[in-house]
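A short worksheet on the structure shown next.
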Amino acid sequence: MTPKTFKIKSFGCQMNVYDGERMAELLTEQGMSAVDEGADAELVVLNTCHIREKAAEKAYSDVGRLRREDGSKPLIALAGCVAQAEGAEAQRRSPMIDIVVGPQAYHRLPQMVAEATRGARPVDTDLPPLSKFGAFPLRRRANPSAFLTVQEGCDKFCTYCVVPYTRGAEISRPWSDIVDEAQALVDAGAREIVLLGQNVNAWEHEDRGLADLIRALARIDGLERIRYTTSHPVNMSDDLIAAHGEVKKLMPYLHLPVQSGSNRILKAMNRSHTADSYLATIEKVRSARPDIALSGDFIVGFPGESEEDFEATLQIVDAVRYASAYSFKYSARPGTPAASMEDQIPREVMDDRLQRLQSRINEHRLAFNRSAVGIETEVLIERSGRHDGQMIGRSPWLQSVHVDTSAAPGEIVDVTLVAAGPNSMTGAVRQEVAA
Ligand code: 5AD
Ligand code: SF4
């Protein structure tokens, strides 16, 4: 019997969140309905992430936990990057898995569910670029801040990273598909759109780049805010930087991973930029948009990283003064060049460096938040807070802001930022003073 209810559990990056939403729309169109609890669902889709350690082990233990107390189990689909990396092996390791579907094959999910219902064990890890997008139905529901994938895959082959293997080659969705989807999201209630791609700033279509796309989206009435993530430093074009100074709806926030501050390590990572070229890019971005909030990703303990290399990373953190940043311990990914490099770094050294890096990043984040106190700005309300009458939204700089207001999700309120913490701000609604 075809399942009537489903639950999609997405792990990892924002693109998985987007894919999860689209799979939900596809299954809903087939007449199934979403339920909150995985245990109750007749179909569970585990939308997995493979970027760091023990991803596959975690996925298998998540699968195991889907067995119900009476010994029965839902129909189980393993999706996402672990599915892509493991393929049919997944079903050998865990016979509970009925379906294995890679990130570019989601358009086939309903058909695979039908096959699995008849007792087959379908596996699809082909990487046909863009096919899935054509199958997804029109967007009818959207959060105030909605994701929109415009680009997928990666050709950069950083030596530590699995993405080029799990998401395939860099591919851009066509211009008009994106504009249509953005319009549908706005019609469905989105006020902000976050353009997604593994290398979003490498997006291109018929000689037009991401800056052209942003300018076109900015003309959509009712769309108030545009963001994009994640960018690669080498694709940070002058035109895109200029857009940060010109396009009012483009929010003053840029996630631009540098990974390390040491040129020796950047070279071993195959990053194709140096610390200086990265800083020069940051300089240009800041002259286009002086108040921009900068964010980044860091890896500590890449093979061969010396204390001196690590100190260069701390220096670049100080030079940029990030408003926020993500940092990770290097994790050897099977099949990537760095996994077989000599001089893998001991765990204790990595732990120590990660802690030092994170406390440095936290200092800058708190300083950034404190420097915003007193600013009059706008907050896009996204959800209710913990206390009665409290709502939570985002400032233009992506800070989480707590506001006492009767405004509903999707409304934009004028606030003064009155207090700063490490992870959030407090905003006070500005009252219009009668003249
Ligand atoms: N080990 C640790 N961190 C990694 N990242 C990607 N691959 C690895 C790995 N093998 C981090 C990078 C990237 C972010 C999404 O995840 O910092 O920018
Ligand atoms: Fe991975 Fe590097 Fe591509 Fe980013 S640019 S997805 S880190 S290979």
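The values are calculated or read from the model by the stated rules, or taken from the named source; none is laboratory data. All values reported here derive from a predicted model rather than from experimental measurement. All Cβ positions, glycine included, derive from the backbone under ideal geometry; neighbour counts span all protein chains shown.
Considering every residue within segment 357-378, establish whether at least one is assigned to a strand (DSSP E or B) and either out of contact with any strand residue (DSSP E or B) (no Cβ under 8 Å at 6 or more places or on another chain) or not charged (D, E, K, R) (or both). Give the derivation first.
Step one: of segment 357-378, the residues assigned to a strand (DSSP E or B) are 376-378.
With either out of contact with any strand residue (DSSP E or B) (no Cβ under 8 Å at 6 or more places or on another chain) or not charged (D, E, K, R) (or both) added as a condition, the list becomes 377.
Within segment 357-378, one or more residues are assigned to a strand (DSSP E or B) and either out of contact with any strand residue (DSSP E or B) (no Cβ under 8 Å at 6 or more places or on another chain) or not charged (D, E, K, R) (or both).
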Some residue of segment 380-393 being part of a loop (DSSP other than H, G, I, E, B) and on the phi > 0 side of the Ramachandran plot: yes
Residue within segment 230-243 that is under 26 Å from ASP187 (Cα atoms) and away from ligand 2 (no atom under 16 Å from the Cβ) present: yes
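Could you list all residues from segment 273-286 that are away from ligand 1 (no atom under 14 Å from the Cβ) and touching a residue at least 24 places away in the same chain (Cβ under 8 Å)? Talk me through it step by step, then tell me what you get.
Narrowing segment 273-286 to residues away from ligand 1 (no atom under 14 Å from the Cβ): 274-277, 279-286.
If the condition is that a residue be away from ligand 1 (no atom under 14 Å from the Cβ) and touching a residue at least 24 places away in the same chain (Cβ under 8 Å), then ALA275, SER277, LEU279, THR281, ILE282, LYS284, VAL285 are the ones that fit.
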Residue that is farthest from ligand 2 (Cβ to nearest atom), among those in segment 149-196 that are at pLDDT 95 or above and at positive phi: GLY189
Count - residues of segment 131-176 that are within 12 Å of ligand 1 (Cβ to nearest atom), free of Cβ contacts under 8 Å to residues at least 60 places away in the same chain and crowded, with 22+ Cβ neighbours inside 10 Å: 1
Hits in segment 287-310 (condition: away from ligand 2 (no atom under 16 Å from the Cβ) and either touching a strand residue (DSSP E or B) at 6+ places or on another chain (Cβ under 8 Å) or at positive phi (or both)): ILE292, ALA293, LEU294, GLY304, PHE310
Search result, residues across segment 185-218 that are farther than 20 Å from CYS13 by Cβ and either surrounded by 17 or more Cβ atoms within 10 Å (Cβ to Cβ) or in contact with a strand residue (DSSP E or B) (Cβ under 7 Å, 6 or more places away or on another chain) (or both): VAL186, ARG191, GLU204, HIS205, GLY209, ALA211, ASP212, LEU213, ILE214, ARG215, LEU217, ALA218
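Yes/no matrix, rows are residues, columns are (1) surrounded by 18 or more Cβ atoms within 10 Å (Cβ to Cβ); (2) away from ligand 1 (no atom under 13 Å from the Cβ); (3) of a type in the set (S, T, N, Q):
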position	(1), (2), (3)
ILE292	yes, yes, no
GLY296	yes, no, no
GLY301	yes, no, no
ALA312	yes, yes, no
TYR326	no, no, no
GLY335	no, no, no
MET341	no, no, no
PHE368	yes, yes, no
ILE375	no, yes, no
Residue under evaluation LEU196, criteria (1) more than 16 Å from ligand 1 (Cβ to nearest atom); (2) in contact with a helix residue (DSSP H, G or I) (Cβ under 6 Å, 6 or more places away or on another chain); (3) over 25 Å from ASP276 (Cβ atoms), criterion not met: (1)
Some residue of segment 78-86 being in contact with a strand residue (DSSP E or B) (Cβ under 6 Å, 6 or more places away or on another chain) and at positive phi: yes
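Regarding ALA419, is this residue of a type outside the set (D, E, K, R), surrounded by fewer than 19 Cβ atoms within 10 Å (Cβ to Cβ) and modelled with pLDDT of 95 or more? Please lay out each step first, then the result.
On the way: of a type outside the set (D, E, K, R): yes; surrounded by fewer than 19 Cβ atoms within 10 Å (Cβ to Cβ): yes; modelled with pLDDT of 95 or more: yes.
Answer is yes for this residue.
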